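These notes are about the structure you will find just below.
The values are calculated or read from the model by the stated rules, or taken from the named source; none is laboratory data. Keep in mind that this is a model prediction, so the values were computed, not measured. A quick note on method: Cβ atoms are made from the backbone with ideal geometry, for glycine too, and the neighbour counts reach across all protein chains shown. For accessibility, only protein heavy atoms count, side chains too; no ligands or nucleic acids. Shrake-Rupley method; radii C 1.70, N 1.55, O 1.52, S 1.80 Å.
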2 protein chains.
Amino acid sequence: MTDNAAHPNERISEAEQAVLEALWDAGEPLTAASVAQRVGESRGWSLATVKTLLSRLVGKNAIATQPDGRRFLYSPLIAREDFLGHESRRLVDRLFGGRAASLFAHLAEAEALTESDLSEIETLLKELRK
Amino acid sequence: MTDNAAHPNERISEAEQAVLEALWDAGEPLTAASVAQRVGESRGWSLATVKTLLSRLVGKNAIATQPDGRRFLYSPLIAREDFLGHESRRLVDRLFGGRAASLFAHLAEAEALTESDLSEIETLLKELRK
DNA sequence: TCACTACGATTACAGGTGTAAACGGATTCG
DNA sequence: CGAATCCGTTTACACCTGTAATCGTAGTGA
């Protein structure tokens, strides 16, 4: 085996992410039509578009198909956690030279942090420090 | 006036960002050659490539040109702070539904936060709470 | 003045992305 | 059995990106 299923090499685009999100959300394998209903509707995508995205995700080894009679059921091959972690790190690296504290400072300064964000973070910090 | 110079509508790509970075870094207007020296070298880009990126940035209203004899001096039209803020928010929105605390939790869990990150954040929190 | 050089502008071109329509085989309804 | 339907696959196509090469024009050195 040359490729690692757990982390697809190719990048996942924004539109593709939306599709993945639907699968993560569902928690169980979905048909293309079902995915389209969940994503397409809010995004205004046609079924055809969703199908294309699903195919591309399969090609990128990001989701798997399992036959269900005549059609396929799609399910994620990568964990949401992993994806988020990966993307977050990418951003921190790209914009802040890897310094997470800088990102935080930025969000804080830009007032992108609500009062409840602050409380939550405070709590998290305490736990981390325990 | 229909367009706001302070925030270019079009997206800035990664390569373009690198060029902007050089201009921000310099703190003063630079010639194309100078930019190429600063970015191109570390990235292995030819002068031609850097020129293209500069042109695209001009087209996107992200940098300005001022004539200096026969050439141009390029300088950023958008502030680094603004760019970072914008991109950070984009990520938080895209990946965490706008919840900055979730991003933070993720970084923490992924152990992407060093001890000094934690200290810094703690300090920042205290200030914000004052 | 004339070849040469330095520069911005124009053109190029492959690969990724957003957004679909068309195609072809299986299935089901009448 | 034939038409309509469902579904994955193939093809389309414009725009963005990375990465240049080439063109045209304005100076420069001989």
(request) Taking the residues in the stretch B:100-112 that are within 7 Å of chain A (Cβ to nearest Cβ), over 12 Å from A:L124 (Cα atoms) and open to solvent by 20 Å² or more (accessible area, probe 1.4 Å) as candidates, determine which candidate is modelled with the lowest pLDDT. (result) B:A112
(message) Cβ contacts < 7 Å: first residue of a type in the set (K, R), restricted to the stretch B:44-60; second residue at pLDDT 95 or above and near DNA strand C (Cβ under 9 Å from one of its atoms), any location; separation 6+ or different chain. Result?
(response) B:K51/B:A32
(request) Would you mention how many residues in the stretch B:113-123 are assigned to a helix (DSSP H, G or I) and open to solvent by 50 Å² or more (accessible area, probe 1.4 Å)? (result) 5
(message) Kindly evaluate A:P29 against the criterion of being within 27 Å of B:L113 (Cβ to Cβ) and either touching a strand residue (DSSP E or B) at 6+ places or on another chain (Cβ under 9 Å) or near DNA strand D (Cβ under 9 Å from one of its atoms) (or both).
(response) no
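Restricted to the stretch B:70-84, and to residues that are under 9 Å from the mean Cα position of the chain (by Cα) and open to solvent by 30 Å² or more (accessible area, probe 1.4 Å), which residue is farthest from DNA strand C (Cβ to nearest atom)?
Top of the filtered list is B:E81.
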(message) If I filter the stretch A:10-24 for residues that are away from DNA strand C (no atom under 11 Å from the Cβ), open to solvent by 60 Å² or more (accessible area, probe 1.4 Å) and in contact (Cβ under 8 Å) with a residue 40 or more places away in the chain, do I get at least one hit?
(response) no
(message) Step by step: first the residues of the stretch B:90-99, then only those that are over 15 Å from A:L124 (Cβ atoms) and touching a helix residue (DSSP H, G or I) at 6+ places or on another chain (Cβ under 8 Å), then the one that is most open to solvent (accessible area, probe 1.4 Å). Which residue is that?
(response) B:R94
(request) Could you grab me the full set of residues in the stretch B:9-43 that are within 16 Å of the chain's Cα centre (by Cα), within 14 Å of chain A (Cβ to nearest Cβ) and polar (S, T, N, Q)? (result) B:S13, B:Q17
(request) Output the residue which, of all residues in the stretch A:44-69 that are more than 10 Å from DNA strand D (Cβ to nearest atom) and open to solvent by 50 Å² or more (accessible area, probe 1.4 Å), is nearest to the chain's Cα centre (by Cα). (result) A:N61
(request) Taking the options B:R94, B:R129, name whichever one is within 12 Å of DNA strand C (Cβ to nearest atom), under 30 Å from A:D117 (Cα atoms) and within 14 Å of chain A (Cβ to nearest Cβ). (result) B:R94
(request) Would you check if B:L103 is within 12 Å of DNA strand C (Cβ to nearest atom) and without any contact (Cβ under 8 Å) to a residue 40 or more places away in the chain? (result) no
